[in-house]
Structures are given as C-alpha cells and as structure tokens.
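Q: Here's a structure for you.
The values are calculated or read from the model by the stated rules, or taken from the named source; none is laboratory data. Given the structure is predicted, the values throughout are model-derived calculations rather than measurements. Cβ atoms come from the backbone with ideal geometry, glycine included; neighbour counts cover every protein chain shown. For accessibility, only protein heavy atoms count, side chains too; no ligands or nucleic acids. Shrake-Rupley method; radii C 1.70, N 1.55, O 1.52, S 1.80 Å.
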Amino acid sequence: MIKDTILHLSNDFADQKIYVNLVKKLSKIGYEQIVYVPLKWENKIDGNRDNTIPNVSYHYSFILKRNILFRLRYFNKIELIKNDIATKVDLSSISMVHAHFLFSDGGVAYKLKKEFGIPYVVSVRASDIFTFFKKMPHLRKFGNQIMMHAEKVIFINPSYVELFRKKYLKKTFNGILKKTTVIPNAIDEKWFSNNANTKKIAYPIRILYVGRIIRRKKLDLVIRAVQELNKREGKNNFLLEIVGDGIFLEHVKKLADENIIFRGKIQNFNKLAKIYNRCHLFAMPSLKETFGLVYIEALSQGLPIIFCHGEGVDGFFDEGQVGIAVRPNNLEDLILAVKQIVNNYEVLSEKGKIASKKFNWNECTNLFDAIYQDTIHKG
C-alpha cells in the first residue's frame, strides 16, 4: 500500500550512499519516491541509482555549469532547477519535498512551495554553514527564509544547531528553533552483523584513520601525534594505519616514518573489517564535519574515537563516554586523548559498541517517517 509520494532533492545523491539507503528504507514502509539530482558532471548520471527498490523513479539532470559565474548567480541556479523539475515531474502528485541541503536544494523547495503549494522539510549540512552562511553573507537572510517556510528543519548533529543559533540566526527568525530537530546519519547494517571481538589494549597500540585524505580532516596532525607519542613513550609503541586517498595524500606521505602505514582506499568490507579488528582506536580530528559515519563504524567495532569539539558526532555522547573530543588543531590535546583512551580502554570500547547501536537505519527511518507524516497531514 502506497502511503504518499516524496520528492527528494539531493545534489549529492550520486556521490553518497547514505541517500539511497534512506530511500530503500522509506520504500519498505510504503512511500512512493521521486529522486531528482541536478548535476554538473555528466559522468555522474545514474550514480547510486538502484532499480531494485520498488516505487522509486530517478531524474538525473545534467544542467549545472562548472564556471564560477554560474555558481555566483545562486538565484538563477535555483530557478533553473525549479523549472527543470516542473518539466520532468508531475508536481500535482507530490505530497511533500525533502530538500537534503539547505541552500542547493532548499532554495528550490522554497520556490516550489511558493509556486505550487508543496510543503517541504529541509536538512542543514556543513557546507550550508561553512560555505553559504559563513562566506556568503548576502544569502543569509534567504537561508533563514528557507528554514522559516519549511515544515521541519533537520540538523545532522546537535553542535551545529548551537553554532547556527549563536552566529547566523536573526532574532526575526526565532521561530526556526521551534521546528528544528536532530536526526543523525545511520551506518550500514553489515557493521552490526560483524560481531567485533572484545578488544584488549596491547603494544604496539594501533591507531586507525579511515577517510578522504584532505586538509580539513587533519590527518597530518594525527601523524605528528603518533610520532610525538613514540618519542615520549618509546620507539615503535604506536602505529598509525591509514585507509583512504585524496588530494592531500602526497603531502602527508612526506611527513610519514616507518610507524605510519598507508593501506590505500579499501572498498571490500571484509578487508576493512579485519583492519578495524586489529586496531585499537580511531582518530580523525576533522574540521567542518557534518557527521562522519566512520566514527560510528569505528564504535561498532569496539574502537574508541577521537574527534573534534563542535564537529561531527560531538553532542551525541556524554563527555568521555565513547572517546575524547579535542580542540581544533591542538597537538597536545590529541596526544593526551590517546593516553586517556589507553588508560580506560576496555570500558570505552564496550560503551562505544553499545552506543553505536542507536545509529541504525530502522530507528532513523522511523524519525523521518514521523516528520513526513506530520508534514503531509498537518492540520
């Protein structure tokens, strides 16, 4: 039985598996869904398309230009996308819109509501705060208008709600906070089915980094911390295993020594699980991190985590419950965090495995379902 029809607007759908996982779960509970993906790269057409999911149709539209002038003309861009949607989608059949980014998608949803009366909910992510709100002050008022006219505003982590409230929320838009909620991302069910062994600390202590190797992830800081720990605690007592690649790879390779091990990008789950199994803790003091699924994946495998204050998963756990939050770009904080985890290892490891279980797709999908139903049947 079909519940209602959801139009998903996601400019990042072709790149991130998380959206197709949500679509799959929503399909199982009875939604018909239309996924619209505006693209600036033709080779991303059909990215993450899954034709096995029932009652889902896809529209990949290669209409975005890559030049800077096009990017700067924000209102022209959202008008172009809105008009394109109107030619491809029967908007009279749409019950509501979920815009998965505030500015790139939410601006379009706002326009659709004004013209066609379709209610929408909007998600707020790191790029909305650190690119649009921070660097494009001329668009801040419009960003607040998008949220004010949404039925619900969904943040991915609680720390960004507080950051938005303090820095970018105008007093005239205080009503936004009343409609704000936090729904975290969920990890793939295979992580929970991979029964991690009860972990014990032992030398050499293996620190793990998994992710894109880009500057804001602060892998260079982790490398320096491992090297400093070996100077202070004894040579070869600490190893760092790095899984991933990216534009910062060659730079961090120049910083490495014999205790830094590069594994490359690994997509095979069984190979990746073996690495998690032999490592002791996970470190990624990343900046501008909306959520970071890798933190939860690490917790599910019994690895306590080191993350950055005010970023990613900060705010979901009590302080020191599953790992340590460090100040941005602070080497001594990072070194101390490693020592604190080592000294309280088994407790943190077990608490992390337990805490990770709430980040499952069934629970998150139920939260979206409740919001969708309130949006569609309000009043």
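Q: Leaving out same-chain residues fewer than 8 places away, which aspartates and glutamates sit with a Cα under 19 Å from that of Lys135?
A: Those aspartates and glutamates meeting the cut-off are Asp105, Glu162, Glu289, Glu311.
Q: Can I ask one more? Using the charge dipole of the chain (Lys, Arg: +1 at Cβ; Asp, Glu: -1 at Cβ; taken about the Cα centre), state which of Ala14, Ser104, Ile305 has its Cα farthest towards the positive end.
A: Ser104
Q: Based on the inverse mean of 1/r over its pairs of different Cα atoms, what is the Kirkwood hydrodynamic radius of region 135-257, in Å?
A: Evaluated over region 135-257, this radius sits at 18.8 Å.
Q: Still on this structure, please answer the following. Say R0 is 22 Å: what FRET efficiency, to the nearest 0.05, do Asp84 and Met136 get from their beta-carbon distance?
A: Computed FRET efficiency for Asp84 and Met136: 0.45.
Q: Give me the accessible area of Ile81, 1.4 Å probe, in Å² rounded to the nearest 10.
A: Surface open to solvent at Ile81 totals about 10 Å².
Q: Related question: Excluding ligands and nucleic acids, what accessible area in Å² is computed for His138 using a 1.4 Å probe, to the nearest 10?
A: Probe radius 1.4 Å; accessible area of His138 about 130 Å².
Q: What is the ratio of the Cα radius of gyration of the chain to 2.2 N^0.38 Å, where N is its residue count, to two decimals?
A: Working it through for the chain, the quotient is 1.03.
Q: Right, here's the next one. Comparing Ile247, Ile176, Ile146, which has the greatest mean-square fluctuation in the GNM of the chain with Cα pairs linked when under 10 Å apart?
A: Ile247
Q: I'd like to know which of Ile247, Pro328, Phe291 lies farthest towards the positive end of the charge dipole of region 220-379, counting +1 on Cβ of Lys and Arg and -1 on Cβ of Asp and Glu.
A: Ile247
Q: In addition: Springs between alpha-carbon atoms under 10 Å, Gaussian network over the chain: tell me which of Lys82, Lys167, Lys358 tops the mean-square fluctuations.
A: The residue with the greatest mean-square fluctuation here is Lys167.
Q: Full extension from Arg232 to Ile63: what is 0.36 nm times the residue separation minus their Cα-Cα distance, to one decimal in nm?
A: 55.3 nm
Q: Please give the contour-minus-distance gain from Lys166 to Met148: 0.36 nm per residue of separation, less the Cα-Cα distance, rounded to one decimal in nm.
A: Extra length from Lys166 to Met148 when fully extended: 4.8 nm.
Q: Loop only by DSSP, 14 or fewer other Cβ within 10 Å of the Cβ. Give me the GluC sites (Glu not before Pro) in region 105-194 that pass, ordered by residue number.
A: Hits after loop and neighbour filter: Glu189.
Q: Using Cα pairs under 8 angstrom and six or more residues apart, how large is the relative contact order of the chain, in percent?
A: It comes to 14 percent, rounded to a whole number.
Q: So, one more: Leaving out ligands and nucleic acids, and using a 1.4 Å probe, what accessible area per residue does region 151-285 come to in Å²?
A: With the other protein chains kept in place, region 151-285 gives 50 Å² per residue.
Q: Please list, by residue number, every one of the GluC sites (Glu not before Pro) in region 320-364 that is coil in DSSP and has at most 15 other beta-carbon atoms within 10 Å.
A: Listed in order of number, the matching sites amount to none.
Q: For His251, what is the net charge nearby, where nearby means another residue's Cβ is under 9 Å from its Cβ and Lys, Arg count +1, Asp, Glu -1?
A: Charge balance in the 9 Å sphere: +1.
Q: Mind telling me which of Lys231, Lys217, Lys351 comes out most flexible in a GNM of the chain, alpha-carbon contacts under 10 Å?
A: Between Lys231, Lys217, Lys351, it is Lys231 that shows the largest mean-square fluctuation.
Q: Using the alpha-carbon centroid of each, what span in Å lies between region 285-341 and region 1-38?
A: Going from one Cα centre to the other spans 30 Å.
Q: What's the carbon and sulfur percent of the chain's accessible surface, probe 1.4 angstrom, rounded to a whole number?
A: Taking all protein chains in place, the chain shows 48 percent carbon and sulfur surface.
Q: Here is a further query. Of the listed pairs Lys25/Lys190; Lys218/Lys288; Lys141/Lys167; Lys77/Lys113; Lys114/Lys378; Lys200/Lys339, which have alpha-carbon separations greater than 20 Å here?
A: In this structure, no pair lies more than 20 Å apart at Cα.
Q: How many nm separate the modelled label positions at Glu115 and Arg215, each set 7 Å beyond the Cα in the direction of the Cβ?
A: 3.8 nm
Q: Rounded to the nearest 0.05, what FRET efficiency do Asp374 and Lys253 have when you use their Cβ-Cβ distance and R0 = 35 Å?
A: 0.10
Q: Taking 7 Å along the Cα-to-C-beta vector as the label spot, tell me the Lys179-Gln340 distance in nanometres, rounded to one decimal.
A: In this crude label model, Lys179 to Gln340 measures out at 3.9 nm.
Q: Ok, one more. Any chance you could run the full-extension gain for Leu367 through Asp188? It's 0.36 nm times the residue separation minus the Cα-Cα distance, nm to one decimal.
A: 62.7 nm
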